[in-house]
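The values are calculated or read from the model by the stated rules, or taken from the named source; none is laboratory data. In this text the structure is predicted, and so the values were computed from the model without any measurement. Neighbour counts run over all protein chains shown; Cβ positions are idealised from the backbone, glycine included.
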Amino acid sequence: MELVVRRPEGLYCPPGDFFIDPWRPVERAVITHAHGDHARPGNGHYLASEASRAVLAARLPGIRLDTLAYGERVVHGGVGLSLHPAGHVLGSAQVRIEHQGIVWVVSGDYKLAPDPTCAPFEPLRCTTFVTESTFGLPVYRWPDPARVVGDIASWWRRNAEANRTSVLYGYAFGKAQRIACELAAADALGIGPLACHGAMLALCAAYRAAGVPVPEIQHASELARDTLRRALVLAPPSAAGTPWLRRFGDASDAFASGWMQIRGARRRRALDRGFPLSDHADWPALNAAIEATGATRVVVTHGQVVPMVRWLAERGFDADAFATEFADEGEPEASPATDVDAA
Amino acid sequence: MEAFARLYADLDETTSTRDKLAALVRYFASAPADDAAWAVYFLAGGRPRQPVPPKLLRSVAIDVAGLPEWLFDECHLAVGDFAETLAHVLPPPVSRTDAGLAQWMTERVLPLRGMPSAALAVRLRAYWQELDWQGRFLFGKLCSGGFRVGVSRLLVTRALAQMAQLDRKLVTERLVGYTVTEHVPTADDFRALLAPASGDERSGGRPYPFFLAQTLTAPVETLGDAGAWLVEWKWDGIRAQLVRRKGVTHVWSRGEDLVTERFPELRTVGDALPAGTVLDGEIVAVRGDDVASFATLATRIGRKRVSSRLTAESPVAFVAYDLLESGGEDLRARPLAERRERLAALVADVGHSPLRLSPLVHAATWREYATLRDESRTRGVEGFVLKRADAPYGVGRTGNAWWKWKIDPMSVDAVLVYAQRGHGRRASLYTDYTFAVWDARGGEPALLPFAKAYSGLTDDETVEVDRIVRRTTREKFGPVRSVAPTLVFEIAFEGIQRSSRHKAGVAVRFPRILRWRRDKPVAEADTLETLQALLR
């Protein structure tokens with residue numbers, strides 16, 4: 001039995017009569033996480049994880065939102081529904097659907113690497129696994145995040161010593177808070193002040209409201225010029241090339257994203273540095289996660305869909321794809337400009 | 001290799017020239033001379049003969065990575081660079097090595113050339129096990145022969161000059177010939193680059209650094225009185241210097257490759273010259289007294305071994321336009337008018353047919369020159385080169401003494417019909433396009449592809465076109481997509497010839513995108529007839 005099908009509005013669970021991350025307005029939407037391509041405005045009712053309440057409220061004010069604690073189970077139309085940590089960003093969840101002894105899990109976006117700002121990915125057993133594949137090619141193998149954070153810190157330190165502002169691009173929701181927390185954990189905050197683009201302040205506050213200890217980050221526009229020279233400024237990728245950057249003068253710029261694993265992606269943006277720090281599973285993690293579900297059927301939703309389906313099929317899985325409208329076709333160009341996908 | 005890998009990373013990770021220069025100086029100052037000798041070779045553009053056939057490199061890598069072939073190809077498409085793809089997909093290293101760049105090159109990489117494939121595969125596997133990501137990436141580059149990094153030869157020259165406190169021009173001269181394919185650089189070579197200046201720098205068969213003309217974009221009248229200029233046709237051939245010293249002849253192309261072997265006719269020219277002579281000029285294909293098309297010359301360029309049949313079928317000549325050295329004396333500081341005069345006398349003396357003098361074109365005013373310039377296409381030249389009569393011979397593309405005054409390129413408005421992903425910086429963007437014109441020969445007008453071009457758009461435009469390509473894709477064939485015709489571009493090219501190998505029946509030379517014609521509907525793009533009218 002098909003517990004999830006694709007409808008024009010989005011991924012739909014027929015026996016439960018609800019949608020998961022719909023791209024067009026529907027009556028009942030289960031939301032895996034608060035990134036713009038998964039949580040869109042205009043739905044009648046929203047159901048999401050309790051951990052995502054603060055960020056969802058900040059991004060979609062005024063919605064009718066019910067939440068579930070991770071692992072808490074509700075029954076709706078004979079369908080057992082529960083949300084489980086996906087490790088992607090604060091509040092991100094896998095949706096587990098159980099009906100007549102069959103279990104489907106919809107992953108949303110996920111990663112297996114540790115992240116101080118969210119609960120770790122929980123492996124779930126299921127018969128069918130609906131998975132993302134943003135970085136579903138063997139070239140995407142992340143280095144140890146601790147090493148990447150160390151690289152970010154040394155880059156910042158060298159710039160500060162040369163009296164040069166460090167501008168680090170990363171997605172406003174998820175990546176920025178993770179970097180701030182990782183730098184704090186690495187004891188790197190003594191290098192200089194931590195600042196950010198105004199667009200990120202509200203989300204940092206939402207994180208703190210949800211109990212995540214995001215260190216103090218100042219509004220970059222409020223720092224004195226000479227203090228700025230030693231600062232690390234977190235900025236959304238959409239700020240690149242805007243007049244807002246001019247205030248930093250001779251700054252060094254970098255981008256923290258899984259796309260930075262590929263030299264061409266960094267060189268195309270003419271960035272000084274690229275730090276491969278991703279909130280998505282890399283190739284080995286995608287494969288490990290899929291194996292661990294014990295599922296015999298796998299449906300791929302977005303990212304490197306074609307190669308992943310073929311790869312899985314060759315390995316004996318019953319694999320196919322849902323054509324979704326989640327951000328990116330696995331192409332670096334699509335995501336940063338729109339700032340919706342936390343690559 | 002680790003020190004060189006760090007240098008590569010430093011150069012790769014900054015877009016600032018100042019930082020790149022600092023990284024180069026740091027490396028040259030600390031690296032062992034034999035390693036530094038190789039670093040200069042590669043950074044200045046040297047490419048040894050491909051040590052490992054790419055097919056073999058690929059198949060061994062696929063095997064070691066444990067990937068299906070199609071998945072490796074997907075990876076290559078996403079990354080856009082073969083050596084980088086290798087570095088990403090190979091399993092992590094198990095040990096490390098202290099071998100420096102020179103040791104890697106002489107003991108490991110160069111001996112791979114010509115090795116039986118089974119032995120080669122064993123070596124590759126062993127080397128990969130010792131290299132981290134950066135090391136593998138570089139090793140892949142060294143093995144496939146291609147090596148490009150974001151520094152210019154000029155920047156390397158600056159770094160060496162700064163380090164050794166030498167005049168940059170002197171280092172430039174010493175670097176000439178350094179990057180010849182056959183050259184195996186040694187520690188002594190590196191020391192010689194940095195040695196204090198001595199009186200006797202001009203030894204061996206080294207050419208002088210080429211003086212290059214800049215493209216004239218301002219109105220020609222801004223150059224002042226036409227009488228102060230010597231005007232020549234701009235030959236469509238290979239820029240070269242003919243060096244005759246100590247009884248030996250060398251022919252150097254502008255890329256500073258030694259091409260003597262490829263043009264035996266020119267060796268005989270050199271052999272007829274007095275000792276201590278250096279000529280600057282153009283190698284062109286000839287038909288009787290006329291200069292033949294570049295296409296004819298192209299049949300000679302790729303050939304390393306030249307048969308007497310080939311030299312008979314596609315003979316070449318050296319069209320001389322400057323005399324840089326005579327009787328062992330460097331004439332470059334003398335005014336051009338004097339050099340030309342001595343050159344004319346020399347050419348007349350030698351009286352050897354493959355040596356010709358590039359004639360001066362005489363007119364009283366720029367207006368008259370402009371009229372003469374219109375003959376360029378029928379003469380098979382690209383326009384004029386304007387040289388100030390009283391100027392010395394410079395270095396590189398500097399000063400304002402030599403200008404290219406080219407004829408305006410031909411252009412048509414064409415429709416984008418296929419797009420292919422780019423490489424390197426443009427990997428995963430659709431940046432290589434095929435363009436078509438309307439062909440009504442079969443009744444209903446259809447789009448007929450005639451040219452491929454991949455340059456001419458700004459980065460923003462490239463990204464925009466990429467999006468449209470994705471949205472309007474009709475079919476995918478591997479890395480290529482056919483798209484619905486919605487985009488019109490003005491395509492410029494330097495020449496057009498009949499061609500039976502092209503579907504359109506014509507082949508264009510140096511096609512490039514002049515601009516995006518957002519204003520032009522697809523139906524109003526140019527036709528095959530327009531193209532054919534340019535043939536003549």
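In table form, for the structure just shown:
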{"quantity": "Residues that are touching a residue at least 60 places away in the same chain (Cβ under 8 Å) and assigned to a loop (DSSP other than H, G, I, E, B), drawn from region A:103-116", "calculated": "A:Ser107, A:Gly108, A:Asp109, A:Tyr110, A:Lys111, A:Leu112, A:Ala113, A:Asp115, A:Pro116"}
{"quantity": "Region A:61-106 - residue that is within 24 Å of A:Ala176 (Cβ to Cβ) and either loosely packed, with under 13 Cβ neighbours inside 10 Å or out of contact with any strand residue (DSSP E or B) (no Cβ under 8 Å at 6 or more places or on another chain) (or both) and, of those, modelled with the lowest pLDDT", "calculated": "A:Pro61"}
{"quantity": "Residues of region B:485-536 satisfying the condition of being of a type in the set (Ser, Thr, Tyr) and either part of a loop (DSSP other than H, G, I, E, B) or within 16 Å of B:Tyr433 (Cβ to Cβ) (or both)", "calculated": "B:Thr486, B:Ser499, B:Ser500"}
{"quantity": "Pick from region B:15-33, criterion polar (S, T, N, Q) and closer than 20 Å to A:Arg269 by Cβ, ranking: farthest from the other protein chains (Cβ to nearest Cβ)", "calculated": "B:Thr17"}
{"quantity": "Complete set of residues in region A:2-17 that are over 23 Å from the mean Cα position of the chain (by Cα) and touching a residue at least 24 places away in the same chain (Cβ under 8 Å)", "calculated": "A:Leu3, A:Cys13, A:Pro15, A:Gly16, A:Asp17"}
{"quantity": "Listing of strands (runs of 3 or more DSSP E) fully contained in region A:40-102 that carry 1 or more residues being of a type in the set (Ser, Thr, Tyr), outside the structural domain of A:Ala119 (by TED's automatic domain parsing) and at negative phi", "calculated": "none"}
{"quantity": "A:Val167 being touching a residue at least 60 places away in the same chain (Cβ under 8 Å) and farther than 20 Å from A:Ala251 by Cβ", "calculated": "no"}
{"quantity": "Elements of type helices (runs of 4 or more DSSP H) in region B:37-133, at least 3 residues being touching a strand residue (DSSP E or B) at 6+ places or on another chain (Cβ under 8 Å)", "calculated": "B:69-79"}
{"quantity": "Condition broken by B:Ala78, with the remaining ones in (1) surrounded by fewer than 21 Cβ atoms within 10 Å (Cβ to Cβ); (2) over 27 Å from B:Lys20 (Cα atoms) satisfied", "calculated": "(1)"}
{"quantity": "Residue within region B:362-371 that is of a type in the set (A, V, I, L, M), assigned to a loop (DSSP other than H, G, I, E, B), farther than 21 Å from B:Lys404 by Cβ and in the same structural domain as B:Arg267 (by TED's automatic domain parsing) present", "calculated": "yes"}
{"quantity": "Residue check for A:Arg246: among the charged types (D, E, K, R) and in contact with a helix residue (DSSP H, G or I) (Cβ under 9 Å, 6 or more places away or on another chain)", "calculated": "no"}
{"quantity": "Of all residues making up region B:214-245, the number that are part of a helix (DSSP H, G or I) and touching a strand residue (DSSP E or B) at 6+ places or on another chain (Cβ under 8 Å)", "calculated": "3"}
{"quantity": "Residues being at the interface with chain A (Cβ under 10 Å from one of its Cβ atoms) and hydroxyl-bearing (Ser, Thr, Tyr) - total across region B:75-101", "calculated": "1"}
{"quantity": "All positions within region B:145-159 that are among the hydroxyl-bearing types (Ser, Thr, Tyr) and either under 18 Å from the mean Cα position of the chain (by Cα) or assigned by TED's automatic domain parsing to the domain that holds B:Ser16 (or both)", "calculated": "B:Ser152"}
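Residues checked against (1) buried (at least 21 other Cβ atoms within 10 Å of the Cβ); (2) under 11 Å from B:Leu416 (Cβ atoms); (3) modelled with pLDDT under 85:
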position	(1), (2), (3)
B:Val437	yes, no, no
B:Thr473	no, no, no
B:Ala507	no, no, no
B:Phe510	no, no, yes
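Listed here are the residues, each with its yes/no results for (1) in contact with a Ser or Thr (Cβ under 8 Å, 6 or more places away or on another chain); (2) within 15 Å of A:Ile31 (Cα to Cα).
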| residue | (1), (2) |
| --- | --- |
| A:His76 | no, no |
| A:Val79 | no, no |
| A:Ser82 | no, yes |
| A:Val89 | yes, yes |
| A:Ser92 | yes, yes |
| A:Gln100 | no, no |
| A:Gly108 | yes, yes |
| A:Asp115 | no, no |
| A:Cys118 | yes, no |
